[in-house]
Amino acid sequence: MPYCDRCDRSFSTQGFEHHIRTSSRHFFCVAHGRDFESWLGLKEHYVQSPFHHYCQHCDEDFTNEWSLVNHYETVHFYCHEHGRIFHSQRGLNEHFVQHHGHLFCQYCDMTFEYEEQFLDHAEDLHFVCRECVKIFGSPWKQEQHFEKHHSSYY
Ligand SMILES: [Zn+2]
Ligand SMILES: [Zn+2]
Ligand SMILES: [Zn+2]
Ligand SMILES: [Zn+2]
Ligand SMILES: [Zn+2]
Ligand SMILES: [Zn+2]
C-alpha cells in the first residue's frame, strides 16, 4: 500500500494519487509526476523546466512555447527580442528607450527595423545624436547631451 511520508498516512493506489494531487501539503507536477514540498518549489520547477511554458505573472502553465508567447502578447506587454514581459505599455516603451539596440521613437511611439530609417525619422521630426543613435525632444536637450558625452569635440 502506498504510504505518504509527509502526511504519515497510507493510501490505496488510487487514493494516493488523488491525495498527492489535491492535498495542500503536496505540490504536484502532473506532467512530470513530481511532488514538491512547497508551492515555491513547484513554481521554480515550472519556470526552470524547458518542458513547461509558464507565465510567472499569471501562474499559468501553457502547453507549448507558441501559446505562451501568444499569451504574453495578448495579456502582457512583450519584447520579442529580449523575451521580456512588462506590466504596462509604459514599461515596455521605457525598455525600448533604455535598451540600446531597440530603435524606438518615444515621441511617436514607433519602432524601426533599420538604423538608417530611425535616424532619418529622428532627423526629420526630432533632434538626434547620430553617434549614439539617440533621439531628443528639444534642441537644448540635444545640446546638453553633446556637452555631457561628446564635449571633447568642443
Ligand atoms: Zn501526503
Ligand atoms: Zn513538470
Ligand atoms: Zn501571464
Ligand atoms: Zn527588448
Ligand atoms: Zn518620432
Ligand atoms: Zn551622443
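The values are calculated or read from the model by the stated rules, or taken from the named source; none is laboratory data. Note that the structure is predicted; figures quoted are calculated from it, not measured. When we count neighbours, we look across all protein chains shown, and the Cβ atoms used for this are built from the backbone with ideal geometry, even at glycine.
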Quiz item: Given the conditions (1) under 28 Å from residue 75 (Cβ atoms); (2) more than 25 Å from the chain's Cα centre (by Cα), which single one is not true for residue 10?
Solution: (1)
Quiz prompt | Matching residues, region 70-107, being of a type in the set (A, V, I, L, M) and either within 14 Å of residue 57 (Cβ to Cβ) or at pLDDT 95 or above (or both) | solution = 75, 85, 92
Practice problem: Could you give me the residue pairs with C-beta distances under 8 Å whose first residue belongs to region 65-83 and is touching a residue at least 12 places away in the same chain (Cβ under 8 Å), whose second residue is of a type in the set (Asp, Glu) wherever it lies, and which are 6+ apart or on separate chains? | Solution: 71/60
Quiz item: Which of the residues belonging to region 60-117 are of a type outside the set (S, T, N, Q), farther than 30 Å from residue 136 by Cα, surrounded by 12 or more Cβ atoms within 10 Å (Cβ to Cβ) and out of contact with any helix residue (DSSP H, G or I) (no Cβ under 9 Å at 6 or more places or on another chain)?
Solution: 68, 69, 71, 72, 75
Practice problem: Could you list, in sequence order, all residues of region 13-27 that are of a type in the set (Phe, Trp, Tyr) and more than 10 Å from ligand 1 (Cβ to nearest atom)? | Solution: 27
